[in-house]
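The values are calculated or read from the model by the stated rules, or taken from the named source; none is laboratory data. Only a predicted model underlies this, so the values are computations on that prediction, with no experimental measurement involved. So basically every Cβ, Gly included, is an ideal-geometry build from the backbone, and we count neighbours across all protein chains shown.
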Amino acid sequence: MLVVLSQFPHGAPDLEKRTAQGRCELYIQTREEAAAKPIPAAIRAKADAIVHYPAGTTIEGKTADWPNVRAVLRSGVGYDMIDVAAWTKRNVAVFNVPDYGTSEVADHAIALMLALTRGTSSYHDLIRANPTANWHHAKAPVVRRLRGCTFGVVGLGRIGLAAALRARAFGMDIAFCDPFQPAGYEIAVGARRVKTPAELAAISDVLSVHAPSAPETVGLIGKDVLAKAKKGMVLINTARGAIVDLEALYDALKSKRLAAAGLDVLPEEPANPNNRLVRAFLAREAWLEGRLTLSPHAAFYSPASLVDMRVSSLTNVLAHLETGSLAACVNAAQLKTKSK
């Protein structure tokens, strides 16, 4: 069996070679090679599976260019750049790695909340700028008591629930909206359920986004939702950048409807300095100081999470090739329907 590692970004493929030992042959295309060195047609014709790595990029060529592929895996949680419909037509199983960074992303969401609501990012910058004049507890603009506040979660799946449990440890009440969770889920997790993101924003002191990337979630947190947000709400996004409309977020922050925002993801990455919110952040405009913190799509990251992701990626693909396993298969229902 031949497995293609598409746009592999991790340097030496030591983990992959150990995982593949005696089970398959690997063809490795590095991320640096992708632009100038296409995967040879002979390799595409022979490949049994593709493991594709970077978020926001597509697999090289068309599905027809890979006639013998039986499994495609996006090495990460998001798979919005994989043409699932086209692969499903070919009866190819499509996988992701949904659980590798659950702890890290949940931790990061809470870290962004704390950086703002406890003022740590503000104090850091202020003391660096002037350790004497800025040595004062009231210099950070968004500090508040979290106990008794409502932590709203858009998308209470693995990561959203993990973040909610962490927020509960701070004495926060949990509310959520998630149309994909079954009736009674709110009872099982002990949280208040509402129907829409707008209803959730209206009752949340902190709103944390954990929804997947999909056509229906693009701009989900936009002008209408933010206009109904509870006055002084803090918005956190560690999911996908396109879910939050940055233009609407700029207006909500400028009008002080929102107190602050912590973003790990943006619609354009790296950050576009021409976007007016990013521009105001970079220029350290006075009205925004201490009210916006950014990180570089890093919520998923820890050395341990990368090991989990890399090993699980190849393990899941090989399990399908060897046994037909559909664990973490995102189009399993469609494949079963086609087989009837």
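Please specify each residue of the stretch 279-311 satisfying the condition of being polar (S, T, N, Q) and closer than 20 Å to G232 by Cβ. Full working, then the answer.
Narrowing the stretch 279-311 to residues polar (S, T, N, Q): 293, 295, 302, 305.
Residue satisfying the conditions is T293 alone.
Residues of the stretch 200-243 that are within 13 Å of the chain's Cα centre (by Cα) and among the basic types (K, R): R240 alone. Could you grab me the full set of residues in the stretch 181-202 that are free of Cβ contacts under 8 Å to residues at least 24 places away in the same chain and out of contact with any strand residue (DSSP E or B) (no Cβ under 8 Å at 6 or more places or on another chain)? P182, A183, G184, I187, A188 - these are the residues of the stretch 181-202 that are free of Cβ contacts under 8 Å to residues at least 24 places away in the same chain and out of contact with any strand residue (DSSP E or B) (no Cβ under 8 Å at 6 or more places or on another chain). Checked against (1) hydrophobic (A, V, I, L, M, F, W, C); (2) in contact with a strand residue (DSSP E or B) (Cβ under 9 Å, 6 or more places away or on another chain); (3) at pLDDT 95 or above, A299 meets all criteria but (2).
Can we say E268 is farther than 21 Å from E289 by Cα, surrounded by fewer than 21 Cβ atoms within 10 Å (Cβ to Cβ) and within 15 Å of the chain's Cα centre (by Cα)? Spelling it out, E268 is indeed farther than 21 Å from E289 by Cα, surrounded by fewer than 21 Cβ atoms within 10 Å (Cβ to Cβ) and within 15 Å of the chain's Cα centre (by Cα). Filtering T58, T102, T120 for residues that are within 13 Å of the chain's Cα centre (by Cα) and of a type outside the set (K, R) leaves a single hit, T102. Per the conditions (1) of a type in the set (D, E, K, R); (2) farther than 25 Å from L126 by Cβ; (3) at pLDDT 95 or above, the sole criterion not satisfied by E269 is (3).
Each residue in the stretch 197-211 was checked for being surrounded by fewer than 19 Cβ atoms within 10 Å (Cβ to Cβ) and either under 14 Å from L156 (Cβ atoms) or of a type in the set (D, E) (or both), and 1 pass. Of the residues making up the stretch 244-256, at least one is assigned by TED's automatic domain parsing to the domain that holds T117, over 25 Å from T120 (Cα atoms) and either within 16 Å of the chain's Cα centre (by Cα) or of a type outside the set (D, E) (or both).
Counting only strands (runs of 3 or more DSSP E) that fall entirely inside the stretch 231-305 and contain at least 3 residues that are within 21 Å of A109 (Cα to Cα), of a type outside the set (F, W, Y) and out of contact with any Gly (no Cβ under 6 Å at 6 or more places or on another chain), the qualifying elements are 233-237, 258-263.
Scanning the stretch 24-37 for residues that are within 28 Å of the chain's Cα centre (by Cα), of a type outside the set (K, R) and assigned to a loop (DSSP other than H, G, I, E, B) yields E32, E33, A34, A35.
Candidates R144, R158, R168: the one that is more than 19 Å from G222 (Cα to Cα) and touching a strand residue (DSSP E or B) at 6+ places or on another chain (Cβ under 7 Å) is R168. Against the list (1) under 14 Å from S313 (Cα atoms); (2) without any contact (Cβ under 8 Å) to a residue 12 or more places away in the chain, the condition G101 fails is (2).
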